[in-house]
Amino acid sequence: MIKAGVVGATGYAGQQLIWLLHNHQMSKILFASSHNYADKSFSDLYGQYYGHLEKVCINIQEAKENLSSIDVLFIALPHGKSFEIAEMALELGVKVIDLGADFRLKSAETYKEWYKLEHGCSNLLTKSVYGLPELYGDKIKKADLIANPGCYPTASILALTPLLKHHLIDPLSIIIDAKSGVSGAGRKANLATQFTECNESIKAYGVASHRHTPEIEQELSNVYGDDVVLSFTPHLVPMNRGILAVCYGNLSEMVSEETIMEIYKDFYKNKPFVRVMESPPETRWVKGSNLCDITVKVDKRTNRVICISAIDNLMKGAAGQAVQNMNLMFGFEETEGLEIISLFP
């Protein structure tokens with residue numbers, strides 16, 4: 001039985017993680033820490049846990065004092081907040097899975113450029129493993145520090161990797177048009193995500209400046225073996241959960257849609273959470289699951305390929321992927337605690 005601690009347990013991703021760990025056959029939650037809700041019962045904050053999970057949240061200082069009692073620490077904090085507690089945990093031999101952005105970028109200079117903050121643990125960047133199991137499963141199994149990918153990067157990287165792995169598209173032609181539900185903005189009070197501000201509307205944001213851009217470029221460049229420079233535009237849509245990423249690229253040569261689909265099916269054939277589909281994916285079919293649905297279409301008229309992926313931003317885009325990484329790190333079945341399909345309607 002793995003003993004787990006969660007810091008940042010009362011945000012949307014944190015509470016989803018708590019539920020997954022609570023129902024995991026091989027894990028026990030030793031503590032759940034919250035900055036804003038210390039000393040409050042988890043079920044007082046999220047009513048669905050009433051009668052199931054009455055654990056009282058502790059503050060960050062208490063969490064630090066309990067690090068030596070756990071096997072794995074999950075950190076679900078805003079960027080810039082993971083450095084100290086991650087380093088403390090690692091020094092005690094505790095494995096760390098960071099759901100934030102602090103260990104995703106391999107360059108401290110790039111981190112500073114995009115996050116406007118000095119990196120507080122640049123010495124750990126070479127130690128961290130990017131936690132996308134479909135690409136780095138073997139490394140994750142041996143890792144002590146996992147940088148859990150962002151939600152947009154997860155959807156985009158999984159959609160584009162087979163194309164770039166086989167050098168089927170121009171690496172400078174990629175455009176990613178992605179849309180996310182409102183929970184991606186977190187639980188904090190924000191005018192832009194209030195009901196009357198975002199309902200019945202859709203908008204682009206972070207145009208040519210979103211912080212997930214260098215993360216996507218970094219990982220796709222690793223796949224391709226050379227620099228990938230792309231355009232990424234995220235959008236906010238009035239739904240609670242889900243990401244739909246529509247990715248465009250110019251084909252390097254004429255390749256049939258059937259051939260590309262076979263490449264995708266072969267690439268993901270042993271990946272339990274990726275489904276390669278004939279029809280365009282929809283967020284409703286992955287909502288609440290750790291699944292990523294992908295399809296590919298070739299536009300012969302323009303010689304472009306269009307790959308589309310759908311994930312739940314709080315599951316495969318955050319908490320579900322974190323548990324998937326924990327399973328690999330501790331030698332469990334990769335699917336343990338995650339064999340969930342969407343509840344519909």
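Only the coordinates and a few stated rules stand behind these numbers; no lab work does. Every value quoted in this text rests on a predicted model; they were computed, and no experiment measured them. When we count neighbours, we look across all protein chains shown, and the Cβ atoms used for this are built from the backbone with ideal geometry, even at glycine.
Odds and ends about this structure:
- Amide H contacts of Ala178 (H built 1.01 Å from N, under 5 Å, at least 5 apart or other chain): Thr233, His235, Val246
- For the range 151-311, a simple Cβ point-charge model (Lys and Arg +1, Asp and Glu -1, everything else neutral) yields a dipole of about 620 debye relative to the Cα centre.
- Considering only beta bridges that DSSP places wholly inside the chain, some 45 percent are antiparallel.
- ³J(HN,Hα), Karplus 6.51/-1.76/1.60, whole Hz, each residue of the range 195-211, x for Gly, Pro: 3, 6, 8, 10, 5, 6, 8, 9, 8, 7, 8, x, 5, 6, 8, 5, 5
- Between amide H atoms placed 1.01 Å from N, distances below 5 Å from Val96 occur with Leu73, Leu145, Ile146, all of them 5 or more places distant or on a separate chain.
- For q = 0.16, 0.19, 0.24 Å⁻¹, Debye-computed log10 I/I(0) when each Cα of the range 79-190 counts as one equal scatterer: -0.89, -1.15, -1.37
- All lysines inside 22 Å of Lys142 as judged from Cα atoms, apart from same-chain residues fewer than 8 positions distant: Lys3, Lys28, Lys95, Lys106, Lys127, Lys271, Lys316
- Rg/Rh (Cα only; Kirkwood hydrodynamic radius) as it applies to the range 128-196: 1.09
- Given their separation in residues at 0.36 nm each and the Cα-Cα distance between them, Gln194 and Lys265 gain 21.5 nm when the chain is fully extended.
- Ile340 long-range amide H proximity, modeled H, under 5 Å: Asn290
- For the range 28-125, the calculated P(r) over all alpha carbon pairs, in 5 Å bins from 0 to the bin holding the longest distance, is 2, 12, 21, 20, 16, 13, 8, 5, 1, 0 percent.
- Entry for Rg and Dmax of the Cα atoms in Å (calculated from the structure that is shown) out of (i) 20.3, 70; (ii) 19.6, 62; (iii) 22.4, 83: (ii)
- The range 151-311: antiparallel DSSP beta bridges as a percent of all, rounded to 5: 75 percent
- Spacing of the modelled spin labels on Glu339 and His35, each 7 Å from Cα toward Cβ, amounts to 3.9 nm.
- Within straight-line reach of Lys203, meaning a Cα separation under 19 Å, sit the following lysines at least 8 residues removed in sequence or on another chain: Lys179.
- Cβ-Cβ FRET estimate between Val207 and Glu282, R0 fixed at 35 Å, reported to 0.05: 0.90
- Separation in nanometres of the label points that stand 7 Å from Cα toward Cβ, at Asp299 and Leu45: 4.4 nm
- Taking each DSSP H run with n ≥ 4 as -39500 (n - 2.57) and averaging over every residue of the chain yields -8000 deg cm²/dmol at 222 nm.
- Ser221, Ser27 arranged by Cβ crowding within 10 Å, fewest neighbours leading: Ser221, Ser27
- Candidates Thr213, Thr259, Thr193, ranked by Gaussian network fluctuation over the chain, Cα under 10 Å, top entry: Thr259
- Ranked packing of 153-165, 291-303, most packed first, by mean Cβ within 10 Å: 153-165, 291-303
- Whole-number percent relative contact order across the chain, with pairs defined as alpha carbons under 8 Å at least 6 apart: 17 percent
- Unit Cα scatterers, Debye sum, the range 160-284: log10 I(q)/I(0) for q = 0.19, 0.20 Å⁻¹: -1.15, -1.22
- The chain: most fluctuating residue of Pro272, Pro281, Pro149 per GNM, C-alpha cutoff 10 Å: Pro272
- Note on Ile29, Ile146, Ile174: ascending count of other Cβ atoms within 10 Å places them as Ile29, Ile174, Ile146, the fewest first.
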